[in-house]
Every structure is written in C-alpha cells, then in structure tokens.
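> Sharing a structure, written as structure tokens. Questions coming.
What follows is calculated from the coordinates using simple rules that are stated; it is not laboratory data. Model, not experiment: these values are computed from the prediction. Reconstructed Cβ throughout: ideal geometry from the backbone, glycine too, with neighbour counts over all protein chains shown.
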Amino acid sequence: MSGVVDGRVVIVTGAGRGIGRAHALAFAAEGAKVVVNDIGAGLDGSATGESPAEQVVAEIVAAGGEAVVNGDDVADWAGAENLIRTAIDTYGRLDVLVNNAGFLRDRMLVGMSEQEWDAVVRVHLKGHFATLRHAAAYWRAEAKAGNPVDARIVNTSSGAGLQGSIGQGNYAAAKAGIAELTIQAAAELKNYGVTVNAIAPAARTRMTVGAGGAMAEAMAAPEEGFDAMAPENISPLVVWLGSVDSKDVSGRVFEVEGGKITVAEGWRHGPAQDKGARWEPKEIGPVVADLLAKAEDPVPVYGA
C-alpha cells in the first residue's frame, strides 16, 4: 500500500532527536525519501560530537526506507545551500522542506546577553530563512524551466511565538518571526507551485522538559493510556502538509498537541475609529479606551 508521500523527497532539519526525529520516521513510513539533517548540538547549540542523524537514518533503512545524513548548519548560508543540494544530488529532486532545527538559551530580558539573543534568533529565524531561500530558488528555476513543481515548506513556530513566554524573549521573538515569514513566503512562492505552512507544536522534547516550570513538569509526566505529549503526535499533520493532498492549504499556522489540531488566527484588523483628520494628543485617550472595550482580550503570555 502506498503512503501519502510515496516517492517524495523530503528534508527535515534538526531531525536527530525529538519532534524532528519523529517527522523523519513518519515521512519514511509513508514512502518518502528523507534527508535527515542534524549537527548533533546540545540544548544550547554547543557541539556534542554525537551524530544522532546517523541513528535515525539507520532506523529508516532497517525498516526498508531510504534516507541520507546531512550535518550542515542550517543558519550558515553555504551550509543551507549544501543541504538543499544534498537532496537534489542524492535523489534528483526536492519536494518538501521541513524546518525544525532549533535550541534554547532562556533568560529574562533584563539579564539576556547580546550573544544569547543573537544565537537563538540565528538558528531559528535565519535557519528557517536560509533553507527556505535556497529551496525556493531551486523550485523557481524548475518552474521557469517548465518542469512541474508541487512543493511544500513546513516551518516550526511555537506557542511562545504566538502568545509569548516569560523568560524566552529571544525564542518567542524568533518564533513569531517564523510565523510571519510563513505567511510572507506563502504569498511570494504561490506562483512557483510551492505552499508554505507552519506548525506550533506542544510535545515532550529535550527543549521543553529542560526549560523547567509547570509546563515542563506536565510534559515530563505522561498520563496513563494515550500519551498526549509524545513527539510522534505532531508528525501526522506535518506529513499530510508535505503531501500532494495539501495543495490548497497555504499561509496557515496550525497549533498541534496530542490529538488536537487548531488553526491559529493571527494579526487581523480589529475595531477602528477614523476621524478623517489628524488627531490631537488630548483626544486619543477616550478613543483608545473605546477601541479596547470593543476588541477581544489578548491571549495571556505563557507563565505570566
């Protein structure tokens, strides 16, 4: 029986562990050829000398699938280009890019260093853009050459990026940027046969359990029966978004946790009042109060 992504060539970044590993295995189980990207970094992005990507590839091959290792840094411009080239050189094409790689350096904003900010924004936001950019260039060239393109990009945002998270300002800002990058890219790449969507997953991984706090405790303790926090719960949606069946879905962000899938509704025009002329500062107070009274309350920041 054919899988929903049978024969498609898929790149999954950060696929050595956690959610990324689950994605790679799920794509392979549904018939895809998978490029398993991972640099073997620790939670803070430091090198560990490990090669978890090789273990994932071994699992896929042992199960009868096809996969290859890639160890490039997704936030390095040449590395991201080489990652895309790995898929094309190995399998002759690229159909799906799943951006998942990331790490944490949590700290309250008042104590965060420049390096802690830059490192997290680099790997998450630039790491998504760099791979997206090189994949998009390949698909654009294919489309202009008259070759059919039915490609997919699935990005990874976060509840922190949609609602914020105390102590994770760098991570939340990067993940918010990824959500908007998804909407932007969907609009720009539509004419080349590429859809772009994102997920905001909630699952038990090294990142969530290591973050501490009540959320981490809940994720670390599975309930009897269905394990709602298992990383494998996230992958079915991602695999479907990578399939040809999802061609009419683009520019969307989905929250996914356990067996629950939610369509996130982001920034949109709310209540407005137009004077038809320039406002005076002394007039603004009552106007803003009236607009806020009519607007929906924002979702609370995690941990607030």
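> Amide H of ALA198 versus every other amide H placed in the peptide plane: which residues, excluding those fewer than 5 positions away on the same chain, fall under 5 Å?
Close amide H contacts, sequence-distant or interchain: ASN155, ARG252, VAL253, PHE254.
> Quick one, which of (i) 175; (ii) 147; (iii) 114 is the actual volume of the Cα convex hull per residue in Å³ calculated for this model?
Label of the calculated value: (i).
> Shifting gears a bit: Over the chain, with a Gaussian network built from C-alpha contacts below 10 Å, which listed residue (ASN82, ASN197, ASN99) shows the highest mean-square fluctuation?
Taking springs between Cα atoms under 10 Å, the residue moving most is ASN82.
> What ranking of LEU109, LEU189 emerges when the number of other C-beta atoms within 10 Å of each C-beta is taken as an exposure proxy, fewest first?
Ranking LEU109, LEU189 by Cβ neighbours within 10 Å, fewest first, gives LEU109, LEU189.
> To continue, here is another question. Charges on Cβ only, +1 for Lys and Arg, -1 for Asp and Glu, centred on the Cα centroid of the chain; of ASN233, GLY16, PRO300, which one is farthest towards the dipole's positive end?
Comparing the listed Cα positions along the dipole, PRO300 ranks first.
> Given the pairs LYS33/LYS190; LYS33/LYS260; LYS247/LYS294; LYS126/LYS282; LYS175/LYS282; LYS190/LYS260, which are separated by over 31 angstrom at their Cα positions?
LYS247/LYS294; LYS126/LYS282; LYS175/LYS282
> Ok, one more. To the nearest 500 deg cm²/dmol, what mean residue ellipticity at 222 nm is calculated for the chain from DSSP H runs of n ≥ 4 alone, each contributing -39,500 (n - 2.57), summed and divided by the residues?
-12500 deg cm²/dmol
> Which of rounded, prolate or oblate describes the stretch 46-203 when judged by the alpha-carbon gyration tensor and an a/c cut-off of 1.5?
It comes out oblate by the Cα gyration axes.
> For the chain, calculate the relative contact order in percent as a whole number, restricting contacts to Cα pairs under 8 Å that are 6 or more residues apart.
In percent, rounded to a whole number, it is 17.
> Report the residue, chosen from ALA145, ALA75, ALA58, that carries the largest GNM mean-square fluctuation when the chain is represented by alpha-carbon nodes joined by springs under 10 Å.
Among ALA145, ALA75, ALA58, the largest GNM mean-square fluctuation belongs to ALA145.
> Continuing with this model, one more query. So what's the net charge close to ASN82: Lys and Arg +1, Asp and Glu -1, counting the other residues with Cβ under 11 Å from its Cβ?
-4
> Here is a follow-up. What does the charge add up to near LEU237, with Lys and Arg as +1, Asp and Glu as -1, over the other residues with Cβ less than 15 Å from its Cβ?
-2
> Then there is this: Compute the relative contact order of the stretch 46-179 as a whole-number percentage, counting only Cα pairs closer than 8 Å that sit 6 or more residues apart in sequence.
26
> Can you tally the net charge around GLU255? Count Lys and Arg as +1, Asp and Glu as -1, for every other residue whose Cβ sits under 14 Å from the Cβ of GLU255.
+1
> Please find, in a Gaussian network model of the chain (springs between Cα atoms separated by less than 10 Å), the residue of GLY285, GLY225, GLY270 whose mean-square fluctuation is greatest.
The residue with the greatest mean-square fluctuation here is GLY285.
> Using a 7 Å offset from the Cα along the Cα-to-Cβ direction at both ASP76 and ARG93, what is the distance between the two label points in nm, to one decimal?
3.0
> Measuring from centroid to centroid over Cα atoms, what is the spacing of the stretch 71-109 and the stretch 249-272 in Å?
Computed from Cα coordinates, the inter-centre distance equals 25 Å.
> Size of the dipole of the chain about the Cα centre, Lys and Arg at +1 and Asp and Glu at -1 on the beta carbon, nothing else charged, in debye to 20?
Here the size comes out at about 700 debye.
> Nearest 5 percent is fine: what portion of the DSSP beta bridges confined to the chain is antiparallel?
Of all bridge pairs located within the chain, approximately 15 percent are antiparallel.
> In debye, nearest 20: dipole of the stretch 68-138 around its Cα centre with unit charges on the Cβ of K, R (+) and D, E (-)?
160
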